[in-house]
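To start, the structure itself, in structure tokens.
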Amino acid sequence: MKILSFLTLSCFLLFNCTSPKKKASSGVIEITDGWVRPTKAGKMSAAYFKLKNETATTDTLLRISSDVTSTTQIHESFETDDGLMGMREQKFVALPKGETIAFKQGGLHVMIIQPDLDLVEGDSVTLTLQFSSSKDLEISLPIKASGN
Ligand SMILES: [Cu+2]
């Protein structure tokens, strides 16, 4: 062990060589298939997309903000025992590495609450996603009547 340390140190001193670098994580969190439902100013809309965590670690989606309202929430739809649909706010969403989390109708979605302006088909909405590890992601999603 001492010899190895000595050799490493010598190597560094003599040749300024470095130990093999850990491959920098080039993975990113990728967003695809995004869209936002049209609505009138002051009403409600929702944003849907797929989030793929291609980084080397599990990350967490902490917060989403938007350029069309000061109030966005991460919601999850659920069905009650009576067959009624409800929504509950999610404080965060875990993004296991290598996995894709779908925000979709009837499931996770971004609630866009009381937008300042009409959300008109053909326009777009900017969302900023904040994660616990990855850098903020800013995305522009088209406003359209359905995800198809
Ligand atoms: Cu909702």
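The values are calculated or read from the model by the stated rules, or taken from the named source; none is laboratory data. In this text the structure is predicted, and so the values were computed from the model without any measurement. So basically every Cβ, Gly included, is an ideal-geometry build from the backbone, and we count neighbours across all protein chains shown. We work out accessible area using only protein heavy atoms, side chains counted, and drop any ligands, DNA or RNA first. Shrake-Rupley method; radii C 1.70, N 1.55, O 1.52, S 1.80 Å.
Every residue, every condition in (1) closer than 22 Å to residue 143 by Cα; (2) hydrophobic (A, V, I, L, M, F, W, C); (3) surrounded by fewer than 17 Cβ atoms within 10 Å (Cβ to Cβ), yes or no:
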| position | (1), (2), (3) |
| --- | --- |
| 47 | yes, yes, no |
| 58 | no, no, yes |
| 62 | no, yes, yes |
| 67 | yes, no, yes |
| 81 | no, no, yes |
So, first residue of a type in the set (Gly, Ala, Ser) in region 36-48, second residue more than 12 Å from the ligand (Cβ to nearest atom) and assigned to a loop (DSSP other than H, G, I, E, B), Cβ within less than 6 Å, six or more apart or across chains; the pairs are 41/115; 41/117; 41/118; 42/114
Given the conditions (1) assigned to a strand (DSSP E or B); (2) modelled with pLDDT of 95 or more, every one holds for residue 41 apart from (1)
Select from region 97-125 the residues that are in contact (Cβ under 8 Å) with a residue 24 or more places away in the chain, open to solvent by 40 Å² or more (accessible area, probe 1.4 Å) and not small (Gly, Ala, Ser) and list them in ascending order.
97, 99, 100, 104, 105, 114, 116, 117, 118, 120, 121
Note on region 67-92: residues touching a Leu at 6+ places or on another chain (Cβ under 7 Å), more than 14 Å from the ligand (Cβ to nearest atom) and of a type outside the set (A, V, I, L, M) are 92
